[in-house]
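These notes concern the structure reproduced below.
The values are calculated or read from the model by the stated rules, or taken from the named source; none is laboratory data. If you're wondering where the values come from, they're calculated on a predicted model, not measured in any experiment. Reconstructed Cβ throughout: ideal geometry from the backbone, glycine too, with neighbour counts over all protein chains shown. Accessible surface is based on the protein model in full, side chains and every heavy atom, while ligands, DNA and RNA are left aside. Shrake-Rupley method; radii C 1.70, N 1.55, O 1.52, S 1.80 Å.
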Amino acid sequence: MRVVFDTNIYVSALTFPGSSADRAIRRILDGRDTLLISKPLLDELLTVLARKFSRDADALSRTALF
């Protein structure tokens, strides 16, 4: 299955291990589903993660998320 997640899913998966968002991300990592993502979505995700977790957005952009 091909899936698109909004920023809330990524933040939820990082914040709440074992949640349904975490399980959805794990399906991607296990190769059961295919993630579709765009540059604008990645930019938004990095901005939200930087703000929520007090990190530098540039440093986050150089970190592998998955």
Practice problem: Mind listing whichever residues of the stretch 29-66 are among the aliphatic types (A, V, I, L, M) and over 11 Å from the mean Cα position of the chain (by Cα)? | Solution: Leu29, Leu36, Ala50, Ala57, Ala59, Leu60
Exercise. Check Thr34, Thr47 and return the single one that is open to solvent by 50 Å² or more (accessible area, probe 1.4 Å), modelled with pLDDT under 95 and either polar (S, T, N, Q) or out of contact with any helix residue (DSSP H, G or I) (no Cβ under 9 Å at 6 or more places or on another chain) (or both).
Key: Thr47
Exercise. Would you check which residues across the stretch 9-22 are surrounded by 12 or more Cβ atoms within 10 Å (Cβ to Cβ) and either in a helix (DSSP H, G or I) or of a type in the set (D, E, K, R) (or both) and list them?
Key: Ile9, Tyr10, Val11, Ser12, Ala13, Leu14, Thr15, Ala21, Asp22
Quiz item: When both residues are 6+ apart or on different chains and their Cβ atoms are under 6 Å apart, which pairs have a first residue that lies in the stretch 28-51 and is closer than 14 Å to Asn8 by Cβ, and a second that is modelled with pLDDT of 90 or more?
Solution: Glu44/Thr7; Leu45/Thr7; Leu45/Tyr10; Val48/Thr7
Quiz item: Got a sec? Which of Arg26, Arg55 is outside any helix (DSSP H, G or I) and either open to solvent by 30 Å² or more (accessible area, probe 1.4 Å) or modelled with pLDDT of 90 or more (or both)?
Solution: Arg55
Quiz item: What is the one condition in (1) open to solvent by less than 60 Å² (accessible area, probe 1.4 Å); (2) without any contact (Cβ under 8 Å) to a residue 24 or more places away in the chain; (3) outside any helix (DSSP H, G or I); (4) of a type outside the set (Ser, Thr, Tyr) that Phe5 does not satisfy?
Solution: (2)
